[in-house]
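Inspection log for the structure reproduced underneath, given as structure tokens.
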Amino acid sequence: MTKEEPMSPTQIVVIVLVVLVIVAVLAVAARSLNNRRALRNRFGPEYDRVVAEQDSRSAAERELRDRERRHAELTLTPLTPESRARYAAAWEELQVRFIDSPGETVGDADVLVTRLIEEQGYPTGDFSDQIAHLSVEHARTLTNYRDAHEIHLRNSRGEASTEELRQAVVHYRALFADLLGEEPVGHHTPEQRHHPDHDSTSR
């Protein structure tokens, strides 16, 4: 048997460097995976939406991290018990009005939700900017809010049916309850009288 020649110092250095590189790569990959998992957990369906809108997953994750940074700069104010009770009462009154004025009620719901958002310290000037700020803590109800806002815009053009208006109020309530921290008036949905002029479009 021939004795194996001992490794030279250069070979040892190369092996150590290779091991260090592998460890560093694995550490970066693990950190990236953990960051991605944290973003998914925080943003929920909003994560997939932003990934679909951006050119790459890394660009989407940069956008979401930027949202977190901008959200951290806000000064958010929790609602007082009195404010919470006032908003809950306003929502209950709004749902009652839906029976006779579905189109007007959807507009009122948009105003009420916007007022609640603003009172808590979120910017309300630009809708897309508003959505971006809300997504950090209220991502799971943003689809509802987007759908409600879209129906509200269609209603302003006279294009929304009464059933769509009812759905808009339900969608608004999802974000409203999320912001309020409780269901404002239980789980029932706004009812409507079956007048002939309520069967197609709002008044």
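Structure data summary
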| item | result |
| --- | --- |
| Near pairs, Cβ below 7 angstrom, 6+ apart or cross-chain, from the range 168-180 (open to solvent by 10 Å² or more (accessible area, probe 1.4 Å)) to any residue that is of a type in the set (G, A, S) and in a helix (DSSP H, G or I) | H171/A148 |
| Test result for E82, over 16 Å from the mean Cα position of the chain (by Cα), on the phi < 0 side of the Ramachandran plot and at pLDDT 90 or above | yes |
| Within the range 36-75, considering residues that are open to solvent by less than 60 Å² (accessible area, probe 1.4 Å) and not in a helix (DSSP H, G or I), the one farthest from N144 (Cα to Cα) | S56 |
| Residue that is modelled with the highest pLDDT, among those in the range 1-49 that are under 25 Å from E61 (Cα atoms) and of a type in the set (K, R) | R49 |
| Members of the range 105-134 found to be without any contact (Cβ under 8 Å) to a residue 60 or more places away in the chain and under 15 Å from Q167 (Cα atoms), listed by number | G107, D108 |
| Top-ranked residue of the range 158-181 - restricted to ones that are within 17 Å of Y87 (Cβ to Cβ) and in contact with a Lys or Arg (Cβ under 8 Å, 6 or more places away or on another chain), ranked as modelled with the highest pLDDT | D178 |
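Residues checked against (1) within 15 Å of the chain's Cα centre (by Cα); (2) farther than 27 Å from A38 by Cβ; (3) modelled with pLDDT of 95 or more; (4) surrounded by 13 or more Cβ atoms within 10 Å (Cβ to Cβ):
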residue	(1), (2), (3), (4)
G125	no, yes, no, no
S128	yes, no, no, no
E137	yes, no, no, yes
R140	yes, no, no, yes
A148	yes, yes, yes, yes
S156	no, yes, no, yes
E183	no, yes, no, yes
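The values are calculated or read from the model by the stated rules, or taken from the named source; none is laboratory data. Small disclaimer: the values here were computed from a predicted structure and weren't measured. Don't worry about glycine lacking a Cβ; one is built from the backbone with ideal geometry, like all the others, and counts go over all protein chains shown. Surface areas here come from the heavy atoms of the whole protein model, side chains and all, with no ligands, DNA or RNA. Shrake-Rupley method; radii C 1.70, N 1.55, O 1.52, S 1.80 Å.
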